[in-house]
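Everything below concerns the one structure shown next.
The values are calculated or read from the model by the stated rules, or taken from the named source; none is laboratory data. Note that the structure is a prediction, hence the values are computed from the model and not measured. Note that we place each Cβ from the backbone using ideal geometry, even for glycine, and neighbour counts take in every protein chain shown.
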């Protein structure tokens with residue numbers, strides 16, 4: 001199972017190196033890593049996606065929490081949260097396929113950020129499931145290049161679990 005970890009760290013040289021070293025020593029792969037400034041000056045927020053079972057991830061989180069410059073570690077995998085990702089896709093697009101690609105991009109609320117004679121570059125933001133869906137649909141046209149930010153996430157203060165609500169909605173339909 002993939003786990004989403006939120007980690008608050010002090011902005012100090014070597015913090016990311018110590019974190020990645022811990023993961024390497026324990027034999028864990030970081031599938032996704034996004035780092036940026038947090039709401040407090042001098043603090044950064046890391047969002048990591050890590051595969052593993054619950055027990056291993058709990059142990060890893062405890063070890064992370066003991067590292068110097070780590071302020072807080074939390075596994076939000078099963079906590080109601082808002083998750084987003086940004087992706088840039090360069091898709092092969094000739095005069096015959098361009099309109100279909102533009103139609104799909106409108107459905108996914110993607111922005112066209114560059115147009116060339118033989119390609120379109122799209123910017124798509126949304127939940128990770130949306131990213132998988134648009135990549136699958138655009139693959140048939142030929143994806144020339146792809147760049148992804150990795151998942152970022154925050155806990156929902158409302159506590160509303162939208163995944164649970166989606167499953168209820170699906171059962172009613």
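Pairs, please: C-beta under 8 Å, at least 6 apart or cross-chain, first residue surrounded by fewer than 13 Cβ atoms within 10 Å (Cβ to Cβ) and in segment 144-166, second at pLDDT 95 or above and outside any loop (DSSP other than H, G, I, E, B)? Listed by first residue and then by second, the contacts come to 145/88; 145/89; 145/90; 147/87; 147/88. Which of the residues spanning segment 23-49 are outside any strand (DSSP E or B) and either in contact (Cβ under 8 Å) with a residue 24 or more places away in the chain or within 17 Å of residue 69 (Cβ to Cβ) (or both)? Hits for segment 23-49 are 23, 26, 28, 31, 38, 40, 41, 42.
The residues listed here are 120, 154; of these, the one that is outside any helix (DSSP H, G or I) and within 25 Å of residue 8 (Cα to Cα) is 154. Residue check: residue 104 meets all listed conditions (1) in contact with a strand residue (DSSP E or B) (Cβ under 8 Å, 6 or more places away or on another chain); (2) closer than 30 Å to residue 154 by Cβ; (3) surrounded by 15 or more Cβ atoms within 10 Å (Cβ to Cβ) but one, namely (1).
At pLDDT 95 or above and loosely packed, with under 15 Cβ neighbours inside 10 Å: does that describe residue 79? It is false that residue 79 is at pLDDT 95 or above and loosely packed, with under 15 Cβ neighbours inside 10 Å.
Of all the numbered requirements in (1) at negative phi; (2) surrounded by 17 or more Cβ atoms within 10 Å (Cβ to Cβ), residue 52 misses one, and that requirement is (1). For residues that are part of a helix (DSSP H, G or I) and touching a helix residue (DSSP H, G or I) at 6+ places or on another chain (Cβ under 9 Å), scanning just segment 54-87, find the one that is farthest from residue 10 (Cα to Cα). Out of the qualifying residues, it is 56. Scanning segment 123-143 for residues that are buried (at least 17 other Cβ atoms within 10 Å of the Cβ) and either in contact (Cβ under 8 Å) with a residue 60 or more places away in the chain or touching a strand residue (DSSP E or B) at 6+ places or on another chain (Cβ under 6 Å) (or both) gives 124, 128, 131, 134, 138, 141.
Restricting to segment 88-101, and then to whatever is touching a helix residue (DSSP H, G or I) at 6+ places or on another chain (Cβ under 9 Å) and part of a strand (DSSP E or B), can you tell me which residue is surrounded by the fewest Cβ atoms within 10 Å (Cβ to Cβ)? Going through the qualifying residues, I end up with 92.
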